[in-house]
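Data block below; observations after.
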Amino acid sequence: MQYSGKLEYAQQRKIRERNTALYRLAHWPIWIWVFFLAPGPLIFSLFAHGFGRGNLAWLIAVLTGTGIAALRGSLPGSEPRPYILRFDEDKPNPLYRRVCYTFAWSAVLTFALLNLSGLLIAAATGHWYMQQIYRYAYFPLCATILMLGAIGVLPRVRPSTKGEGTERRYFYGSVWAVTISQALLLLFWKTLPATRAASLTKLAIFAASLLLMGFAA
């Protein structure tokens, strides 16, 4: 039977040729947050003791660096015009995208893995060692992820953008899974007592949230 519906070819669809100022501005806070999280022990100190001088100095440095990069169009989303128009395009992945998404992966993975490790130890022993974990394990783990980004094996950090359509799903799925799970963990950290049973509950909630959100993505 002959198809009688309307045909629409991909090349006939109008594609956004320029990013608006609001669109470019909206991406700046995302990268502020990504790079602000980079020094893990400093962020641990923020949650443990409050906003200190070190946090302020680092925030100023991040605001300055990312602000300059955004003005130059060297942050993902801040470009004057979209770099990727179709998700199957085989184009060189610019260095600034590879650097930014490598640090984004580091922010996603390091905090989730270290917090999960701390919960496992607390549930098994009844003692918390989060400060020691962040002091001694953060930078080796972070360096490993940065190395994986440097050799181009992380999604959205590869030399080519050809797999962008699939890789962005892995990236955003991981971001949402970790963000929601960390928020739940913080909520129960504040509301449940510091007991071994409560640690088991927090571990179960955190792990279940990561698994369910990851599966849904």
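A few remarks follow.
- Calculated diffusion of segment 16-82, Stokes-Einstein form, Kirkwood radius summed over Cα pairs, 37 °C and 0.692 mPa s, µm²/s: 256 µm²/s
- Relative contact order %, segment 91-217, counting alpha carbon pairs below 8 Å whose residues are six or more apart: 34 percent
- Whole-angstrom gap from segment 142-156 to segment 73-125, using each part's C-alpha centre: 9 Å
- Cα long-axis angle, helix 95-125 against the chain (0 to 90 degrees, to the nearest 10): 30 degrees
- Ranking of Tyr138, Tyr96 by neighbouring Cβ atoms within 10 Å, starting from the fewest: Tyr96, Tyr138.
- Cβ charges +1 (Lys, Arg) and -1 (Asp, Glu), total dipole of the chain, debye: 320 debye
- Dividing the Cα radius of gyration of the chain by its Kirkwood radius returns 1.05 for Rg/Rh.
- Ranked packing of 112-124, 20-32, most packed first, by mean Cβ within 10 Å: 112-124, 20-32
- Exposed GluC sites (Glu not before Pro) absent: longest stretch of the chain, with sites in DSSP loops and at most 12 other Cβ within 10 Å deemed exposed: 18-217
- Listed residues Leu203, Trp33, Thr179: farthest to the positive end of the dipole of the chain (Cβ charges): Trp33
- For the chain, the 222 nm mean residue ellipticity estimated from helices alone, with every DSSP H stretch of n ≥ 4 adding -39500 (n - 2.57) and the total spread over all residues, rounds to -23500 deg cm²/dmol.
- Three principal axis extents describe the C-alpha atoms of segment 91-217; from largest down they are 53, 32, 19 Å.
- Acute angle (nearest 10 degrees) that the helix 53-71 long axis makes with the longest principal axis of the chain, alpha-carbon atoms: 10 degrees
- Note on Ala217 and Arg196: the extension gain reaches 4.4 nm, defined as 0.36 nm multiplied by sequence separation minus the Cα-Cα distance.
Here, each number is a calculation from the coordinates, and none is a lab measurement. Model, not experiment: these values are computed from the prediction. Don't worry about glycine lacking a Cβ; one is built from the backbone with ideal geometry, like all the others, and counts go over all protein chains shown.
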